[in-house]
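The structure under discussion appears below in the form of C-alpha cells.
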Amino acid sequence: MTDATGPAPDPLEQLRAMLADAAARLAAAHARDEVLAELVQPKAVLGIARAVRMADRGRVWRLGVLLLAADGGLHATGHVVRAERPARRSVLAASVAEHRAWQAAAVKGGIAEGETVNFDAPPVDLAELARDGASGPVVFDGEVVRVRWNPRQPSALAELDRYLDDRVGLLVDPPGGSS
C-alpha cells in the first residue's frame, strides 16, 4: 500500500539502518568494546582430550541484552567473563570452577588477559525475525521491532529504537564515576 509520500517503510530495513547508525555513533565516540568469542573444543590427540579454548570472532559493544558489531551484526548477550590465566585455588562450587575454566579458555585462545569476553552469544537472524516474529531477544509484531530486555519476563518489551538510543548513550557518554 502506498500513500502520498510513497511506499510504507520496511521495518527490517529501518532496523538495519538503526543498527548501522548505532554502530557509527559508538565507533565515532571510540566507545569501549569487548571481544566476541566462540568456545572451541580441539580434537583429541592420540585419544587425549585437549583443553577447551576460545576463538576470537571480533569486537562488539555490549548494549544490555544485545551485542552490536561494527558491521551492524547483532547477537544476544550470552556468557561474559574476563580473560584470566588459571590459578590454583580451592574451589567449592562447580559453577565457580566452570567460570574459571572459561576465563582460562579465553587466554588459551589468545585473548589478552583482562579483556572482557562475550561467548555463547547467538546471532540475531533478521530473516528469522521477519519470518517468525522473533530471533533471540528481538521481536517484531509486524509494525514495531522491540527488544525483550528481561529474558525472564515475556512482557518486558521496549521499542528497539529507544532501547538502542539509551544504551548507546550510556556507552558514548557514561554517567560520572562509572568508567
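The values are calculated or read from the model by the stated rules, or taken from the named source; none is laboratory data. This one's a predicted model, so the numbers in the text were calculated from it and none came from an experiment. Reconstructed Cβ throughout: ideal geometry from the backbone, glycine too, with neighbour counts over all protein chains shown. Remember, those area values only see protein heavy atoms, side chains included, never the ligands or the DNA or RNA. Shrake-Rupley method; radii C 1.70, N 1.55, O 1.52, S 1.80 Å.
Farthest toward the positive end of the dipole of region 34-80, out of Val35, Thr77, Val52, is the Cα of Val52, where the dipole comes from beta carbon charges about the Cα centre.
Principal-axis analysis of the Cα atoms of the chain puts helix 94-108 at an angle of about 90° to the longest axis. Each residue of region 115-129 was assigned a 3J(HN,Hα) from its phi angle through the Karplus expression (A = 6.51, B = -1.76, C = 1.60, θ = phi - 60°), giving 5, 7, 10, 9, 8, 6, 10, x, x, 8, 9, 5, 5, 5, 4 Hz with x at Gly and Pro. Give the angle, between 0 and 90 degrees and rounded to the nearest 10, that separates the Cα long axis of helix 160-172 from the longest principal axis of the Cα atoms of the chain. Here the helix axis deviates by roughly 50 degrees. Scalar couplings 3J(HN,Hα) for region 33-41, obtained by applying the Karplus form with A = 6.51, B = -1.76, C = 1.60 to θ = phi - 60°, are 10, 9, 7, 9, 10, 10, 6, 10, 9 Hz; x denotes Gly and Pro.
Here the 3J(HN,Hα) profile of region 53-67, calculated from phi with Karplus coefficients 6.51, -1.76 and 1.60 at θ = phi - 60°, is 9, 10, 9, 5, 10, x, 10, 9, 9, 8, 10, x, 7, 10, 10 Hz, Gly and Pro shown as x.
Please give the length that would be gained between Ser155 and Gln41 if that part of the chain were fully extended, namely 0.36 nm times their separation in residues minus their C-alpha to C-alpha distance (nm, one decimal). It would help to have the intermediate numbers written out before the result.
Numbers: separation 114, 0.36 × 114 = 41.04 nm, distance 3.68 nm.
So the extension gain works out to 37.4 nm.
In region 60-130, the portion of solvent-accessible area held by carbon and sulfur atoms comes to 50 percent [1.4 Å probe, whole percent, DNA, RNA and ligands not counted].
Under a point-charge model restricted to the Cβ atoms of Lys and Arg (+1) and Asp and Glu (-1), what is the dipole moment magnitude of the chain relative to its Cα centre, in debye to the nearest 20? Spell out each step's value before the answer.
Values: 21 positive and 24 negative charges, 265 e Å.
Dipole about the Cα centre, nearest 20: 1280 debye.
Here the extension length gained between Val144 and Arg57 equals 28.3 nm, from 0.36 nm per residue of separation less the Cα-Cα distance.
Note on the chain: semi-axes of the ellipsoid equivalent to its C-alpha gyration tensor, largest first and rounded to whole Å, are 35, 19, 15. For Gly136, the amide hydrogen comes within under 5 Å of no other amide hydrogen, counting only partners 5 or more places away or on other chains and with H modelled in the peptide plane.
Dipole of the chain computed with +1 at Lys/Arg Cβ and -1 at Asp/Glu Cβ about the Cα centre; of Val168, Pro9, Val117, farthest Cα towards the positive end is Val117.
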